[in-house]
Amino acid sequence: MLENVSMENSTARLYQAAKKLKGLINPSQIARALNTSPQTVKNWESRGMSKEGLLKAQHVIGVSAHWLETGEGNMVINSAISELDCSYTDYEYKEEFQAQDFIIIDQFDIQVSCGPGVNNANYPDFIRSISIPKDEFLEWFGRSKAIPGIQLVTIKGDSMEPTLPNRSIAFVDSNINKFQGDGIYAFVLDGEAYIKRLQKVPGKIIAISDNPIYQPFYITSEMEERMHIAAKFIRVLPFNMREL
């Protein structure tokens, strides 16, 4: 097990690896990459890196936590992972990280959920996971622990604006794979992936785009046999990148 270590050398090695592997040249840049404060990084210079810091650096920068702690073995985790007993798999890292102060939510892969041959245009792949502080997670989802099935998707297009803005980050519950009342769903119909608001009307379901320029369409009871609901949307986090 990795333990808190009291040495300046671990932080010196962190600075060396961060510059070489990620081009990060000062404590502020390193802190931003590790989602911590610059003061925390500065404190490591005298106190040594914490276990959480070692694991974060391994996951984000790609540097071996064992090398940071001891100076032994290889700097880069990919070349060291097969020979180090204390190397962490991605799953083990997430278990450690979530035991601390963050909840990790991974990307929802609609193609895996719904099978091959799916037109996946509405699900771009520019964010793979997101780490949410436990207090924020509690506020958003009403629980302080990870909820199985809660995953993220990134939205492409304006068909569901303003509810789901283009390039926003949305959270879905992939445990829901049947129609469970009116709401926004991710579903596949005849090989096409959709994000639409579904409402039940007598004898059929109406698929609605919140953007009024897009026309609704109906899903009849016969069409429902060719429809697979992958998840239901539960939260949205706007994501706007601006030129500074």
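Any chance you could run the full-extension gain for ALA33 through ARG226? It's 0.36 nm times the residue separation minus the Cα-Cα distance, nm to one decimal.
Full-extension gain reported as 65.1 nm.
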Point-to-point label distance, GLU136-GLN180, nm (Cα→Cβ direction, 7 Å offset) | 2.5 nm
Each label point is 7 Å from the Cα along the Cα-to-Cβ direction; what then is the distance between the points at THR70 and PHE239, in nm?
-> 3.8 nm
Under a Cβ-Cβ cut-off of 12 Å, what is the net charge of the residues other than TYR214 that fall near it, where Lys and Arg count +1 and Asp and Glu count -1?
-> -1
Cβ-Cβ cut-off under 14 Å around LEU164, Lys and Arg +1, Asp and Glu -1: the net charge is +3
GLN215 and ILE104 label points (each 7 Å along its Cα→Cβ direction) are spaced in nm at 4.6 nm
Rounded to the nearest 0.05, what FRET efficiency do VAL201 and ASN166 give with R0 = 35 Å and r taken as the Cβ-Cβ distance? Could you check?
-> 0.80
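Read the figures in this text as sums done on the coordinates, not as results from a lab. Computed from a predicted model, the values in this text were never measured in an experiment. All Cβ positions, even for glycine, are placed from backbone atoms using ideal geometry, and neighbour counts span all protein chains on display.
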